[in-house]
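Worksheet for the structure shown next.
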Amino acid sequence: MTELIRQIILFLPKLAASLAIFLAFWLSSYLLKRLMRPLARNSQLNPDALKLIQQISSAVILIFGLITALGTLGIDISAIVAGLGLTGFAVGLALKDILSNLVAGSLILIYRPFRRGDRISVSNFEGTVTEIDLRYTTLKDKEKKILIPNSFLFTHTICIIGEAGVKIITK
């Protein structure tokens with residue numbers, strides 16, 4: 001019993017340091033998001049692309065913080081990284097549709113074939129673009145809200161209906 005208490009007392013500083021490191025990374029991620037908000041308002045950049053940059057940078061900082069905190073605890077990170085190779089392959093196959101939506105969403109945000117406020121028609125769906133997200137593009141049509149997966153938009157013909165006529169974007 002006393003050996004267990006001694007081991008716990010020896011482990012507490014590592015645990016406290018690990019939690020402090022992760023908290024510092026979480027706080028820096030939060031501050032980065034807060035600092036990027038004024039940039040998004042005052043910038044000529046696409047707000048959806050800035051949102052994508054915010055999300056990616058926040059995730060990278062948190063993952064790096066988690067790895068650093070685990071290393072501080074004494075966990076062998078190299079074994080975890082080695083195990084992630086095979087796991088990444090299996091997860092990639094399992095999440096194929098989600099990953100294709102993420103890649104298509106990123107490409108839509110970069111190339112901007114349509115923007116918020118544009119009225120588009122794709123397949124049997126038509127509406128005004130209200131939001132472009134990494135996974136879905138949201139259309140609003142009268143009383144309906146339509147969520148279209150970005151991979152669907154990327155592989156089908158899109159008609160942009162506007163004042164200057166119709167602009168057709170093919171796959």
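Overview of values
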quantity	calculated
Qualifying residue in segment 11-31 (condition: on the phi > 0 side of the Ramachandran plot, out of contact with any strand residue (DSSP E or B) (no Cβ under 7 Å at 6 or more places or on another chain) and touching a residue at least 24 places away in the same chain (Cβ under 8 Å))	no
Sole residue being aliphatic (A, V, I, L, M), exposed (fewer than 14 other Cβ atoms within 10 Å of the Cβ) and modelled with pLDDT of 85 or more, chosen from L147, L153	L147
Strands (runs of 3 or more DSSP E) within segment 34-142 that include 1 or more residues free of Cβ contacts under 8 Å to residues at least 24 places away in the same chain	125-132, 136-141
Among (1) surrounded by fewer than 16 Cβ atoms within 10 Å (Cβ to Cβ); (2) at pLDDT 85 or above - the single one I158 does not satisfy	(1)
Qualifying residue in segment 9-24 (condition: hydroxyl-bearing (S, T, Y), in a helix (DSSP H, G or I) and open to solvent by 90 Å² or more (accessible area, probe 1.4 Å))	no
Hits in segment 12-39 - residues which are at pLDDT below 90 and within 17 Å of the chain's Cα centre (by Cα)	L32, K33, R34, M36, R37
Subset of segment 71-84 [open to solvent by 50 Å² or more (accessible area, probe 1.4 Å), over 23 Å from the mean Cα position of the chain (by Cα) and of a type outside the set (V, I, T)]	G74, D76, S78, A79, A82
Residue that is nearest to K51 (Cα to Cα) [pool: residues in segment 98-128 that are under 21 Å from the mean Cα position of the chain (by Cα) and buried (at least 19 other Cβ atoms within 10 Å of the Cβ)]	L109
Test: residue in segment 47-67 that is touching an Asp or Glu at 6+ places or on another chain (Cβ under 9 Å), of a type in the set (F, W, Y) and either on the phi < 0 side of the Ramachandran plot or modelled with pLDDT of 85 or more (or both)	no
Lone unmet requirement of (1) farther than 27 Å from S151 by Cβ; (2) touching a Lys or Arg at 6+ places or on another chain (Cβ under 6 Å) for Q54	(1)
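The values are calculated or read from the model by the stated rules, or taken from the named source; none is laboratory data. Computed from a predicted structure; not experimentally measured. Note that each Cβ is placed from the backbone with ideal geometry, even for glycine, and that neighbours are counted across all protein chains shown. SASA here: full protein model, heavy atoms, side chains in, ligands and nucleic acids out. Shrake-Rupley method; radii C 1.70, N 1.55, O 1.52, S 1.80 Å.
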